[in-house]
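Student: I have a structure I would like to understand better, so I am pasting it below and will then ask my questions one at a time.
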Amino acid sequence: MSADLEKVLITKEEIDAKLAELAGAIDQDYAGRDLLIIGVLKGAVMVMADLARALASPLTMDWMAISSYGAGTKSSGVVRILKDLDTDIVGRHVLIVEDIIDSGLTLSWLLSNLTSRGPASLQVCTLLRKPEAAKVAIDVKYVGFDIPNEFVVGYGLDYAEKYRNLPFVGTLAPHVYGG
Ligand code: XMP
Ligand code: MG
């Protein structure tokens, strides 16, 4: 393990097992429906890739890139679309796939934005959630792991664009972020 990392929070094996479990539930819930999964770039790339392969349901994939303005690492809820969907979601069964829900402000904005486009249904699947950091209540149907309010990296999540390629989720050593 890199000296920059403090500890492994969730192993690759735990992620794989959890995604298989979530995929089973999603397959059941969307049986007979045409599912569109939307990944939020860049963090959700790994979850999208692995969840999509664990799903048996026929599906299509699309991507959005959004940036959340705020001081430092804190999200403000003021969101700008950097890349919009290629797909018209009117009448579609849409599942947003996220890496992490922290304050929930970004997702809350995304939910109202996508709701206004008239999907048949709209649900959320996130690998990680920090319950102690929540600033808005969001109904998230599929949650992988509730984690402590610590900054995590790996499996798509970055610190200054690094560590996204780690196969596990870990916490950073304080010296890396000046703690
Ligand atoms: P909010 O607060 O709006 O923020 O729910 C969600 C976005 O903030 C990023 N984020 C993190 N990124 N480690 C990261 O690498 C973290 O612990 C973390 N917490 C929040 C992430 O982009 C997420 O989509
Ligand atoms: Mg993200």
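Student: Among the residues of the stretch 123-135, is any in a strand (DSSP E or B) and away from ligand 1 (no atom under 16 Å from the Cβ)?
Tutor: To start, the set of residues in the stretch 123-135 that are in a strand (DSSP E or B) comprises 123-129.
Filter again for away from ligand 1 (no atom under 16 Å from the Cβ), leaving 123.
Yes, the stretch 123-135 has at least one match.
Student: Is it fair to say Ser103 is at pLDDT below 95, more than 26 Å from Asp27 (Cα to Cα) and not in a loop (DSSP other than H, G, I, E, B)? Walk me through it before giving the result.
Tutor: Working: at pLDDT below 95: yes; more than 26 Å from Asp27 (Cα to Cα): yes; not in a loop (DSSP other than H, G, I, E, B): no.
No.
Student: Would you call Leu127 surrounded by 19 or more Cβ atoms within 10 Å (Cβ to Cβ) and closer than 23 Å to Asp84 by Cα? Can you show your working first?
Tutor: Working: surrounded by 19 or more Cβ atoms within 10 Å (Cβ to Cβ): yes; closer than 23 Å to Asp84 by Cα: yes.
Judged against the criteria, Leu127 is a match.
Student: Out of the strands (runs of 3 or more DSSP E) lying entirely within the stretch 1-95, which hold 2 or more residues that are small (Gly, Ala, Ser)?
Tutor: On the way: elements: 5-10, 35-41, 59-69, 78-83.
Strands (runs of 3 or more DSSP E) meeting the threshold: 59-69.
Student: Asp158 - would you say it is under 21 Å from Ser67 (Cβ atoms), within 16 Å of ligand 2 (Cβ to nearest atom), touching a helix residue (DSSP H, G or I) at 6+ places or on another chain (Cβ under 8 Å) and touching a residue at least 12 places away in the same chain (Cβ under 8 Å)? Before you say what the answer is, go through the steps one by one.
Tutor: Details: under 21 Å from Ser67 (Cβ atoms): yes; within 16 Å of ligand 2 (Cβ to nearest atom): yes; touching a helix residue (DSSP H, G or I) at 6+ places or on another chain (Cβ under 8 Å): no; touching a residue at least 12 places away in the same chain (Cβ under 8 Å): yes.
Here the answer is no, as Asp158 does not meet what is asked.
Student: Further, regarding this structure: For residues that are touching a helix residue (DSSP H, G or I) at 6+ places or on another chain (Cβ under 8 Å) and more than 25 Å from Ile10 (Cα to Cα), scanning just the stretch 44-62, find the one that is nearest to ligand 2 (Cβ to nearest atom). So that I can check it myself, show each step before the final result.
Tutor: Step one: filter the stretch 44-62 for residues touching a helix residue (DSSP H, G or I) at 6+ places or on another chain (Cβ under 8 Å), giving 47, 50-51, 54-57, 59, 61.
Those left that are additionally more than 25 Å from Ile10 (Cα to Cα): 57, 59, 61.
Working: Ser57: 24, Leu59: 20, Met61: 16 Å.
Per the stated criteria, the residue is Met61.
The values are calculated or read from the model by the stated rules, or taken from the named source; none is laboratory data. These figures come from a predicted structure and were not determined experimentally. In this analysis, Cβ positions are derived from the backbone assuming ideal geometry, glycine residues included, and neighbour counts consider all displayed protein chains.
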